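Okay, so here's the structure we're looking at.
What follows is calculated from the coordinates using simple rules that are stated; it is not laboratory data. Source: prediction; values computed, not measured. Because the Cβ atoms are built from the backbone with ideal geometry, glycine has one as well, and the counts that use them run over all protein chains shown.
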Amino acid sequence: MTTDPTQPPSTSASSVSPTSRPAGESHVTLADVAEAARVSLATASRVFSHPQLVRESTARRVREAAQRLSFRPNLLGAKLRSQQTRILGVMLPTLENAVFAECWHGIEQAAMAEGYSLMLVTSGYEAERERERVEYLLRHRVDGLVLTVADATRSAVLDQLDAEGVPYVLAYNQAAEDGMRHSVSVDNRTSASEGVRALIAAGHQRIAVVSGAFMASDRARQRYAGYEDAMHAHGLQPLPAVNLPSHIASPAVHAGAQIGALMRAPAAPTAFFCTNDLLAIGLISELKRLGLRVPRDVSVLGYDGIALGALVEPPLATVVQPNADIGTQAVKHLLARLHTVAGRTAAPVTLLPHGLRVTGTVAAPPDTTTNLP
């Protein structure tokens with residue numbers, strides 16, 4: 001009979017049975033996985049800690065058993081609170097958008113100041129990737145998580161973390177005031193409303209919105225709701241959003257047909273509100289391609305306040321959120337959760353102040369509409 005050299009005969013999986021756990025304890029253990037995979041407990045442990053020491057066929061059997069049993073090694077929870085690694089997991093949608101790079105800077109500075117290391121993953125605004133990336137971070141036994149998810153209002157991964165008691169803080173996602181989730185953000189709806197009110201104050205009445213896909217971003221929906229608030233408050237009719245499949249600048253250029261059709265309409269918009277700065281920069285490029293001058297012919301207001309916006313010509317008008325500070329405060333909030341005395345918790349929702357920069361790409365509407373051919 002051939003023996004697996006990775007299986008010490010002295011440690012038998014059958015010596016640890018699921019039925020031997022204390023009464024009332026129903027969670028799946030590594031011993032259960034070892035028994036299901038017909039390997040020793042030591043071998044099952046090595047599959048998750050030193051997989052290079054285990055034969056591939058054996059490792060595959062263990063991983064398949066773990067998946068069947070919904071087992072996650074080193075799962076965070078109350079029983080592991082005394083085994084902290086001083087590593088924080090961070091999941092951001094992308095680093096292609098400077099808003100998240102600026103946030104990461106704040107996260108890094110705050111974590112290093114407290115002696116914590118970081119693991120960073122990106123999700124691309126995809127729910128399935130969010131689940132996979134969070135799983136990856138938990139397998140590395142991070143002490144807690146700073147997350148930006150696509151949509152916190154319907155997030156399976158947040159539901160899972162809540163059920164398992166994993167400490168996390170949302171960055172940018174605005175948690176409900178009356179809920180239990182912890183978040184650091186600006187007030188997306190109020191800040192967007194103030195930005196659109198500034199456009200109205202400049203004399204604009206026909207204001208359109210360019211947004212990332214509503215299905216992919218709760219912030220996009222909240223900011224559009226702020227636009228509707230401002231329009232209704234001034235007796236103006238909101239326009240349907242130009243909804244783009246992504247949140248970066250290049251799709252705004254690819255939406256040229258939609259923008260061109262809007263600008264050729266008899267009642268063309270005199271101003272656009274974009275739900276992030278990269279979309280605004282892409283939109284300005286497309287408007288220039290159409291032969292329109294910003295802000296002489298049409299005004300553009302962004303949202304985020306990224307440093308890049310101040311460098312374009314003319315400088316981008318925008319709703320400014322404190323991106324680095326959102327990252328800093330999210331880390332501080334998470335560490336407060338990790339170190340809090342039992343029964344004493346911080347207020348779950350932190351709303352940071354926002355600002356407005358209404359110069360550069362925003363001006364009064366033209367006396368006569370520029371008609372496109």
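Here are some notes:
- For Val349, distant residues with modelled amide H under 5 Å away: Ser183
- Shown is the FRET efficiency for Met119 and Ser70, computed with R0 = 22 Å from the Cβ-Cβ distance and rounded to the nearest 0.05: 0.45.
- Rounded to 5, the percent of DSSP beta bridges in the range 188-322 classed as antiparallel: 0 percent
- Amide H contacts for Ala317 (H built 1.01 Å from N in the peptide plane; partners 5 or more residues away or on another chain; cut-off under 5 Å): Gly302, Thr359, Thr361, Val362.
- Spatially, the range 143-183 and the range 188-229 are offset by 24 Å when compared through their Cα centroids.
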